[in-house]
Amino acid sequence: MEILDNFNLKDFNTFHVSAHARYFVNATGLDCLREALAFASHKEIPFMLIGQGSNLLFKEDYPGLIIEINVRGKELISEDEDFYYVKARCGENWHNFVQWSLEQNYYGMENLSLIPGTVGAAPVQNIGAYGVELCDVMVSLEALEIANGELRTFTNEECHFSYRNSVFKQELKDQFIIYSVTFGLRKAPHLNTSYAALAKALEGYSADEITPQLVSKTVCEIRRSKLPNPKRLGNAGSFFWNPEIPLAEFSALKKSYPDIVGYANDKSVKLAAAWLIDQTGWKGYREGDVGVHEDHALVLVNYGQATGAELVDLSERIQKSVKDKFGIVLTPEVRII
Ligand code: EPU
């Protein structure tokens, strides 16, 4: 296991901002992970895990050890009448895993196509898109307990999943490294095409033309049409969470802003943060190399040489505008380090 010194993280975050880690290691297996943890503990320095850095923004250099999670492997472990049970290790690329599953005719993840990141990062924030969340297809996961180096199994229920949230961001934050995830994938397609943008894109097809492969292809097309490819333009997808507010507060806002976009459930409404930002005039804004994407107001971008601090500064100005106009506080979804 080679530990690198003073390592530039520019290629390890999808914003492509330059920041240096005091130490860096590429961990390809369980033993490597354990050794890396021991190194950080011995040096008494902080450590941080990184998958593909698709939800991270480095505001400054990192004073500890960055552990790149590069543990690969995926396999069918069992099946029953309705499901295939497939285990993938944490370093697998999420989208490649989804595509591989579709090629094997393992269904259920088609709506989650093209989400950047790794399998191991997916449960932490319960990734979701187009009406499906990771928690809908996950059976269990194995995680390495940092305090004692042992593997522990968590059932779906034990992960306490909710919108972009799990126990690994709450009670057990920074205590476990997700090592493998087991999915229950359907043998027969069971499609969810209710999300408005997806339903609209599929309007021209007859029911038997709508296969999981077509849903995946359509989701990819929708994403490509409004979310910039991080390989070409630095970004981390949605920068803020969609805020949830009580129904009464929503009704009051709707009186002043009849077009406000929100998705109601029993007691609360999830507002489209993109709409709020759009209304405050930030969409398409650019100053130097930082900006707000011209096709999607929730996506902050690095046009080249932006620093993390400049992006954070822009995000704070956006938060202030939205707070001043609507009284709504936007919280970053991106992890700022
Ligand atoms: N809208 C605007 N202006 C814009 C963009 C959108 O007003 O520039 C409005 C539109 O009315 C649109 C609504 O906002 O209908 C919602 O936009 P969109 O369908 O693009 O979804 P989103 O709420 O912005 C969420 C996730 C995405 C996920 C999509 C599709 C969050 C924070 N983001 O975005 O996830 O791909 O739904 O399910 O929940 C990510 O987490 O990085 C991410 C990209």
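Throughout, read-outs are computed from the coordinates displayed, never taken from laboratory work. As the structure is a computational prediction, the values presented were derived from the model and not from experiment. Because the Cβ atoms are built from the backbone with ideal geometry, glycine has one as well, and the counts that use them run over all protein chains shown.
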Tail beyond 18 Å, pair distance distribution of segment 236-337 (Cα, percent)
45
Of 129, 264, 36, which has the largest mean-square fluctuation in a 10 Å C-alpha GNM of the chain?
264
Convex hull volume of segment 4-69 per residue (C-alpha atoms, cubic angstrom)
72
Pull out the extension gain between residue 213 and residue 331, defined as 0.36 nm times the separation in residues minus the alpha carbon to alpha carbon distance; nm, one decimal.
39.0 nm
In straight Cα distance, which lysines are under 27 Å from residue 255, not counting same-chain residues fewer than 8 positions off?
267, 270, 283, 320, 323, 325
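Quick one: dipole size for the chain, taken about the Cα centre, charges +1 on Lys/Arg Cβ and -1 on Asp/Glu Cβ, in debye to the nearest 20.
860
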To make sure I understand the rule: partners must be aspartates and glutamates, Cα under 20 Å from the Cα of residue 254, and not fewer than 8 residues away in the same chain. Which ones qualify?
244, 266, 278, 324
The farthest towards the positive end of the charge dipole of the chain, of the residues 125, 329, 84, given +1 on Cβ of Lys and Arg and -1 on Cβ of Asp and Glu, is 329
Which length gain, in nm to one decimal place, applies between residue 195 and residue 175 when the Cα-Cα distance is subtracted from 0.36 nm times their residue separation?
3.7 nm
Computed over the Cα atoms of the chain, what is the convex hull's projected area averaged over all directions, in nm²?
18.1
Among 143, 274, 38, residue whose mean-square fluctuation peaks in a GNM of the chain (springs only between Cα atoms under 10 Å)
38
Taking the alpha-carbon centre of each part, the distance from segment 266-337 to segment 67-135 in Å is 29
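Grab the eigenvalues of the alpha-carbon gyration tensor for segment 283-337, scale each by 5, take roots, and send me the semi-axes largest first in whole angstrom.
For segment 283-337, the ellipsoid semi-axes come out as 19, 13, 10 Å.
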Identify which of 190, 16, 42 has the largest mean-square fluctuation in a Gaussian network model of the chain, with springs joining Cα atoms closer than 10 Å.
42
How many lysine pairs does segment 1-129 hold where the Cα atoms are under 25 Å apart and the two sit 8 or more places apart or on different chains?
4
